[in-house]
Amino acid sequence: MPQSALTGIRLLIFDLDGTLVDSKKDLAQSVNAMREKMGLGLLPQEVVASYVGQGVTVLIRRALGEKATEENVEKGLAFFLEYYRLHMLDNTTIYPGVSEALEALRDRKLAVLTNKAVHFSREMLERLGIARYFSFIYGGNSFEQKKPAPVGVKKLMRDMGATSDQTLIVGDSDTDVLTGRNAGIWTCGVTYGFGAHTLESAPPDILLGDLRDLPALLNGKKALSRDKR
């Protein structure tokens, strides 16, 4: 990504789980509560985390295994959604540096595009105190297609009056990078999220270990490392 392109970014689109919030423990506990309800054993937290990113139905289908029937997936999904609604903020927190980064980016247009259900996403951001930073919050059920389809990004670009060269998507997984590529926009990966291992197969234009570095890059106060130019 050219250094000059960074200062032209006007719209930033953020993923939620693994990017803005560390929701790994609550997701894992909710999945395991569902598995217990269905007479199955517990899964390690890291295994559950590896299933996250493509929407809740995919999460439940993966958590139940290849032999699960559609009826079992539907039952598991219903239980999970009710349980998670009650427990989604038992342990979930904002990642270090996120609040500071969002505050420093307030002069730009900010939005959230996640494959998490939109009502969960909005409630989570509200209760964690950072919803105020975002002009739009879209979830996995906001459009006919989830990420990595570009429909959500293109809608946000229209909503915010931004061109592809002025838009950057920030996420922790290959799903976010592929979404950006499909929409023809710039991509930024974060290495602290639970989908970071997938970025090796889909390298982003920028790779950050701390979201607090992003405002300085966009404001021209910090140079992009040579391997990401």
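Quick notes on this one:
- Lys, Arg +1 and Asp, Glu -1 on Cβ, resulting dipole of the chain about Cα centre, debye, nearest 20: 520
- Full extension of the chain between Ala104 and Ala223 gives 41.1 nm of extra length, using 0.36 nm per residue less the Cα-Cα distance.
- Extension gain, His119 to His87: 0.36 nm times the residue separation minus the Cα-Cα distance gives 10.1 nm.
- Length-normalised contact order for the stretch 119-229 - Cα pairs under 8 Å, 6+ apart - percent: 17
- Whole-number percent relative contact order across the stretch 1-100, with pairs defined as alpha carbons under 8 Å at least 6 apart: 38
- Relative to the longest principal axis of the Cα atoms of the chain, helix 70-87 runs at roughly 70 degrees.
- Mean residue ellipticity, 222 nm, helices only, the chain: the sum of -39500 (n - 2.57) across DSSP H runs of n ≥ 4, divided by residue count and rounded to 500, is -12000 deg cm²/dmol.
- Relative contact order (%) - the chain, alpha-carbon pairs under 8 angstrom, separation at least six: 27
- Environment charge of Arg106, counting only residues whose C-beta is closer than 15 Å and scoring Lys/Arg +1, Asp/Glu -1: +2
- Label separation (Asp213 vs Asn141): 3.7 nm, computed from points 7 Å beyond Cα along the C-beta direction.
- Prolate/oblate/rounded call for the stretch 112-215, Cα gyration tensor, a/c under 1.5 rounded: rounded
- On Cα atoms only, tilt of 24-37 relative to the major axis of the chain in degrees: 20
- The stretch 1-82: trypsin sites (Lys or Arg not before Pro) in DSSP coil with no more than 15 other Cβ atoms inside 10 Å: Lys67
- Rounded if a/c under 1.5, otherwise prolate or oblate - the stretch 24-87, Cα gyration tensor axes: rounded
- Too-long pairs where the Cα-Cα distance tops 26 Å, listed order kept, from Lys24/Lys146; Lys116/Lys154; Lys25/Lys221; Lys24/Lys75: Lys25/Lys221
- Between helix 118-127 and the chain: long-axis angle, C-alpha atoms, 0 to 90°, nearest 10: 70
None of the figures in this text is laboratory data; all of them are computed from the coordinates on show. Since the model is a prediction, treat every value here as computed from it, not as a measurement. Methodologically, a virtual Cβ is constructed for each residue, glycine included, from the backbone with ideal geometry; neighbour enumeration extends over all protein chains shown.
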